[in-house]
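The values are calculated or read from the model by the stated rules, or taken from the named source; none is laboratory data. This structure is a prediction, so every number in the text was calculated from the model and none was measured. Here the Cβ positions follow ideal geometry from the backbone for every residue, glycine too, while neighbour counts run over all protein chains shown.
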Amino acid sequence: MLDSFFRRKEDEDRVAREGRLPPGQALTHKFPVLHYGPVPRFNPATWDFRVWGEVEQPARWTWDEFQQLPRTSLLMDIHCVTRWSKFDTTWEGVSVRTLVEQGLIRPTPTAHYVLQHAEYGFTVNLPLELVLADNFLLATHYNGEPISPDHGYPLRGVIGNIVGREDLKVPYFWKGAKWLRGLELLAQDRLGFWEQAGYHNDADVWKEERFG
């Protein structure tokens, strides 16, 4: 146990020296499970993913179709509002930016925000510019394996810090919804579940924007 403690402390000191540890955060080697409500069941025969709202044409993919979309891998540090940070995590999935670039999603000029819709009516909001950034992903895999049910299987939004990309905004990890089922593009911002409960709407990890 002491060896584990000292190893964690050494790793935490290293990422702090590298400027990768946001204020108020602590490194963890674990992956804590935090969510509201039960874990939903996944049925690949009925699951679909939809995009609607401020788009030229709504889009829908079945699970089989979604797996055929262009795939991307990201190495990111992730930061939870509950003060843990996990470094050098690898995610694989579908980039919304790629879908837009390939014309599979066509936002209208009035589209400025995105509401992530998940199971049980759970929602998370982000500006469209963040959803189209390099550090946001519709992820199906974590560290080479399908995401576990507790962490959002079969699909979750993920957003984090890409080392060396100071140009990218980095919100806390709750800004990516677990058990994701669709994206609604909006002309005006609409608060998500946790934002309605008092969490900060921007959630910038470097500014410690935890609560409104």
Of the residues in the range 124-146, how many are of a type in the set (A, V, I, L, M) and either assigned to a strand (DSSP E or B) or crowded, with 22+ Cβ neighbours inside 10 Å (or both)?
6
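Conditions (1) of a type outside the set (D, E, K, R); (2) in contact with a helix residue (DSSP H, G or I) (Cβ under 7 Å, 6 or more places away or on another chain), marked per residue:
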| site | (1), (2) |
| --- | --- |
| H35 | yes, no |
| A45 | yes, no |
| V96 | yes, yes |
| E101 | no, no |
| N125 | yes, yes |
Could you check P149 against (1) surrounded by 17 or more Cβ atoms within 10 Å (Cβ to Cβ); (2) in contact with a Phe, Trp or Tyr (Cβ under 8 Å, 6 or more places away or on another chain) and say which number it fails?
(1)
Condition (residue is closer than 28 Å to R60 by Cα, hydrophobic (A, V, I, L, M, F, W, C) and assigned to a loop (DSSP other than H, G, I, E, B)) applied to the range 197-209: is it met by at least one residue?
no
Those residues that are in contact with a Phe, Trp or Tyr (Cβ under 6 Å, 6 or more places away or on another chain) and assigned to a loop (DSSP other than H, G, I, E, B), I need them from the range 6-31; list them, please.
P22, T28
Is one or more of the residues making up the range 140-157 over 25 Å from A59 (Cβ atoms) and of a type in the set (A, V, I, L, M)?
no
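Of these, V163, V158, which one is out of contact with any Cys (no Cβ under 8 Å at 6 or more places or on another chain), closer than 28 Å to P23 by Cα and in a strand (DSSP E or B)?
V158
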Given the condition modelled with pLDDT of 95 or more, under 19 Å from W63 (Cβ atoms) and touching a Gly at 6+ places or on another chain (Cβ under 7 Å), answer yes or no: does some residue in the range 100-116 qualify?
yes
Filter the range 32-60 for residues that are outside any loop (DSSP other than H, G, I, E, B) and of a type in the set (F, W, Y); the one that is surrounded by the most Cβ atoms within 10 Å (Cβ to Cβ) is F49
Looking only at the range 20-57, how many residues end up being farther than 19 Å from Q116 by Cα, polar (S, T, N, Q) and in contact (Cβ under 8 Å) with a residue 24 or more places away in the chain?
2
